[in-house]
Amino acid sequence: MIKKLQALRAKKGFTLVELIVVIAIIGVLAAILIPTLSGVIESARKRSAESTCQSIQNLAKTFASTVMSKTGNLCASGTTVDMDDGNGAQTMSAYIMSQIPEISGSTDKGATITLSGGNVTAVYYTEGAFTAGWTSTAGTLAATKSTDSPANPPATAGSVTVS
């Protein structure tokens, strides 16, 4: 009897049934986790687009108010002013790209800013598949995926367009 127990202990490894059970458990866990993780990643990208759009809106408003306070003129497309950031006189587009450098030269990021009467009236920012927006009338617009047909077309990648 003791020799039989010792013989059983001497066997090493797993049986085929044990290996199949472990593989099945891993498959079930993967089937549950992969869709969950992809949803988290998409949600983070959406929030990133919304956050960057908010930052661009704040920078654009700051630029427009600085133009008014330093020159007494309304901000318009192509207006230049020294923002006291060490870059000298620059346009709104150059100022925003100096503050958010990942836009410049990017193939999937870009912004469009609309001015009216010297005020910022709309900002649309595209990051990858998401376009986020802000308008003076509706406020912050939730980011939408490009496949969801956003109300406004994405901006030219790698640029900030001011119109």
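Computed values, structure above
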quantity: Scope the range 119-132; condition in a strand (DSSP E or B) and over 27 Å from Ser69 (Cβ atoms); matching residues; calculated: Thr126, Glu127, Phe130, Thr131, Ala132
quantity: Some residue of the range 92-101 being free of Cβ contacts under 8 Å to residues at least 12 places away in the same chain and over 20 Å from Trp134 (Cβ atoms); calculated: yes
quantity: Strands (runs of 3 or more DSSP E) contained entirely in the range 1-118, each with at least 3 residues that are at pLDDT 90 or above and more than 27 Å from the chain's Cα centre (by Cα); calculated: 80-82
quantity: Lone unmet requirement of (1) outside any loop (DSSP other than H, G, I, E, B); (2) out of contact with any helix residue (DSSP H, G or I) (no Cβ under 9 Å at 6 or more places or on another chain); (3) of a type outside the set (S, T, N, Q); (4) without any contact (Cβ under 8 Å) to a residue 12 or more places away in the chain for Leu141; calculated: (2)
quantity: Boolean, Val123 is within 20 Å of the chain's Cα centre (by Cα) and either of a type in the set (Val, Ile, Thr) or at positive phi (or both); calculated: yes
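The values are calculated or read from the model by the stated rules, or taken from the named source; none is laboratory data. Being a predicted model, the structure only gives us computed values, none of them experimental. As a convention, Cβ positions derive from the backbone with ideal geometry for all residues, glycine included, and neighbour counts pool all protein chains shown.
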